[in-house]
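S.K.: After the structure tokens below, expect a handful of questions from me.
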Amino acid sequence: MQAAPRAPAGFAEDLVAGLSAQPRRLSPKWFYDDAGSALFDRICHLPAYYPTRTETALLAAHADEIAAALGPDAEIVEPGAGSARKARVLLRAMQRGGWRPAGYLPIDISGDHLRAAAAELRADLADALPDLPVRPLAADFLLPLQLPAPLADGRRIGFYPGSSIGNFEPDEAVALLCRFADWIGPGGGLLIGVDRVKDPQVLHAAYNDPEGVTAAFNLNLWQRANREAGADFDLSGWQHAAFYTPVHQRIEMHLVSRRTQTVTVAGRRFDFVEGDSVHTENSCKYTVAGFQALAARAGWQARQVWSDPQALFSLHWLTR
Ligand code: AVJ
């Protein structure tokens, strides 16, 4: 949940620090080990989880306009690329619009998942963009990070879909948008997907699917802790909670203790009573004007916005 660069810390250290804090918390970046990345892919296909299909449809429906806005010969930089599904839609749209992208540079904390996604993307685009330079970078983009030197022309465009920016509180989001600006440099732009403020019932349903995939995604944090951080969480003692808080315009996810229990993490003991919670994610929502004002604080100028007829999701094109 922190956008500002900070001292490198591993999962176990971060978990111990988060469980020692008040309120207890854990950064959502730890969701994405191999199991968590696979669960997130399943979330994206759930009927109740509208963001992925809505944003993908926006990319397809406005492909020509988006390609025209982005322009030619840019390397697409995608922080937190995951499975890179939307990048394929975008790169194809650019090629079809007559703007050959110069390259694709996906960054992700989950290295194996990223390399597999890059290989799949190369294969998938072999017909349209056979020589596209794809340069996957396995890294935590929230830590200080040096991008490889730009390709020949030097133009770069940031691509940050999925409303991942919602994971950051507004001040943190501004800091992250400033870092993107540093990576991208002058003459570039940022295409960013942002989930909109809407009926809380629609939001609630998207994070409380009847299939239980979002709950499994949340609880995977404890399974990961048991695997990687010397923890002994008993999964049956914890419950997934996700709810909308109107003051902050965000969905909060928590893991809530069902009973009195003691958990050991890396040799440290943590006591919980029934109802104690660990805050695992924020998913902030924005009005169109609200996000444009936020981006302006980071020096980005709002250009086009594309949205769906139901006003669920927005795709913003920003330049410096
Ligand atoms: C990847 C941060 C955009 O907030 O909707 C999905 C993650 N968490 N279901 C979101 C998520 C629970 C997702 N983001």
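S.K.: Mind listing just one residue for me: the one in segment 246-267 that is open to solvent by less than 30 Å² (accessible area, probe 1.4 Å) and more than 16 Å from the ligand (Cβ to nearest atom) and, of those, farthest from Asp234 (Cα to Cα)?
M.R.: Val265
S.K.: Kindly indicate whether any position in segment 280-288 is surrounded by fewer than 17 Cβ atoms within 10 Å (Cβ to Cβ) and touching a Phe, Trp or Tyr at 6+ places or on another chain (Cβ under 6 Å).
M.R.: No, the conditions are met nowhere in segment 280-288.
S.K.: Away from the ligand (no atom under 15 Å from the Cβ), under 21 Å from the mean Cα position of the chain (by Cα) and at pLDDT 95 or above: is that true of Leu46 in this structure?
M.R.: Taking the combined requirement at face value, the residue does not satisfy it.
S.K.: Still on this structure, please answer the following. Considering only residues that are within 13 Å of the ligand (Cβ to nearest atom) and either under 16 Å from Ala311 (Cβ atoms) or touching a strand residue (DSSP E or B) at 6+ places or on another chain (Cβ under 9 Å) (or both), which ones fall in segment 199-212?
M.R.: Val202, Leu203, His204, Ala206, Tyr207, Asn208, Gly212, listed by residue number.
S.K.: Anything in segment 165-176 that is within 16 Å of the ligand (Cβ to nearest atom) and surrounded by fewer than 20 Cβ atoms within 10 Å (Cβ to Cβ)? List them, or say none.
M.R.: Glu169, Pro170, Glu172
S.K.: Still on this structure: List pairs: first in segment 221-237 and over 13 Å from Ala12 (Cα atoms), second among the aromatic types (Phe, Trp, Tyr), Cβ under 7 Å, 6+ apart or cross-chain?
M.R.: If the second residue must be among the aromatic types (Phe, Trp, Tyr), the pairs left are Phe233/Trp222; Leu235/Trp222.
S.K.: Kindly indicate whether Glu65 is touching a residue at least 12 places away in the same chain (Cβ under 8 Å), away from the ligand (no atom under 15 Å from the Cβ), assigned to a helix (DSSP H, G or I) and over 21 Å from Pro186 (Cβ atoms).
M.R.: Judged against the criteria, Glu65 is a match.
S.K.: Please go through (1) touching a residue at least 40 places away in the same chain (Cβ under 8 Å); (2) within 14 Å of the ligand (Cβ to nearest atom); (3) more than 27 Å from Gly185 (Cβ to Cβ) for Pro79 and return the number of the only condition it doesn't satisfy.
M.R.: Only one criterion is unmet by Pro79, namely (3).
S.K.: Looking at the structure I just gave you, is Ala38 under 18 Å from Trp222 (Cα atoms), surrounded by 14 or more Cβ atoms within 10 Å (Cβ to Cβ), at pLDDT 90 or above and more than 15 Å from the chain's Cα centre (by Cα)?
M.R.: no
S.K.: Follow-up. For segment 81-126, which positions are in a loop (DSSP other than H, G, I, E, B) and closer than 12 Å to Tyr32 by Cβ?
M.R.: Ala81, Gly82, Ser83, Ile109, Ser110
S.K.: Evaluate segment 137-153: report whether one residue or more is among the polar types (S, T, N, Q), surrounded by fewer than 22 Cβ atoms within 10 Å (Cβ to Cβ) and either within 20 Å of Ala84 (Cα to Cα) or within 12 Å of the ligand (Cβ to nearest atom) (or both).
M.R.: No: zero hits.
The values are calculated or read from the model by the stated rules, or taken from the named source; none is laboratory data. Source: prediction; values computed, not measured. FYI the Cβ positions are ideal-geometry reconstructions off the backbone, even for glycines, and counts take in every protein chain you see. Keep in mind that these areas ignore ligands, DNA and RNA; they rest on the heavy atoms of the full protein, side chains included. Shrake-Rupley method; radii C 1.70, N 1.55, O 1.52, S 1.80 Å.
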